[in-house]
Amino acid sequence: MKIDVGCAADGDGYRCRVELSDGISTSRHLVRVSPSDLERWGRGRPVEQLVRASFDFLLKHEPKESILGEFDLSVIKRYFPDFGG
């Protein structure tokens, strides 16, 4: 699975566009990352690495088609309590 991540700072943190491609189909997602999300789960990594790791985690739990199209990064913890960024 190819994961492309591009993030831009906005007034409330970051907006990240994520594209998941398996060679057959592609899904696109918009993820908002707050400064507190980055501090909590980033462990010093750039926001793009945190988002990529988060999608690696999600893809181990569900197919790309089941991942929400737009969400706040902190929502992952609600669906998957073992999420750690």
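The values are calculated or read from the model by the stated rules, or taken from the named source; none is laboratory data. On a predicted model such as this, the values are computed, not experimentally measured, just so you know. Reconstructed Cβ throughout: ideal geometry from the backbone, glycine too, with neighbour counts over all protein chains shown. We work out accessible area using only protein heavy atoms, side chains counted, and drop any ligands, DNA or RNA first. Shrake-Rupley method; radii C 1.70, N 1.55, O 1.52, S 1.80 Å.
So here's what we get for this one:
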item: Qualifying positions in the range 8-23 - touching a residue at least 40 places away in the same chain (Cβ under 8 Å), open to solvent by 30 Å² or more (accessible area, probe 1.4 Å) and within 14 Å of the chain's Cα centre (by Cα); result: none
item: Filtered residue count, the range 24-34, keeping only those that are touching an Asp or Glu at 6+ places or on another chain (Cβ under 8 Å), open to solvent by 40 Å² or more (accessible area, probe 1.4 Å) and either at positive phi or not polar (S, T, N, Q) (or both); result: 2
item: Residues that are within 16 Å of Gly6 (Cβ to Cβ) and buried (at least 16 other Cβ atoms within 10 Å of the Cβ), drawn from the range 61-85; result: Leu73
item: Residue within the range 45-60 that is in a helix (DSSP H, G or I) and loosely packed, with under 11 Cβ neighbours inside 10 Å present; result: yes
item: Residue check, Arg40 open to solvent by 80 Å² or more (accessible area, probe 1.4 Å), in contact (Cβ under 8 Å) with a residue 12 or more places away in the chain, over 22 Å from Lys2 (Cβ atoms) and part of a helix (DSSP H, G or I); result: yes
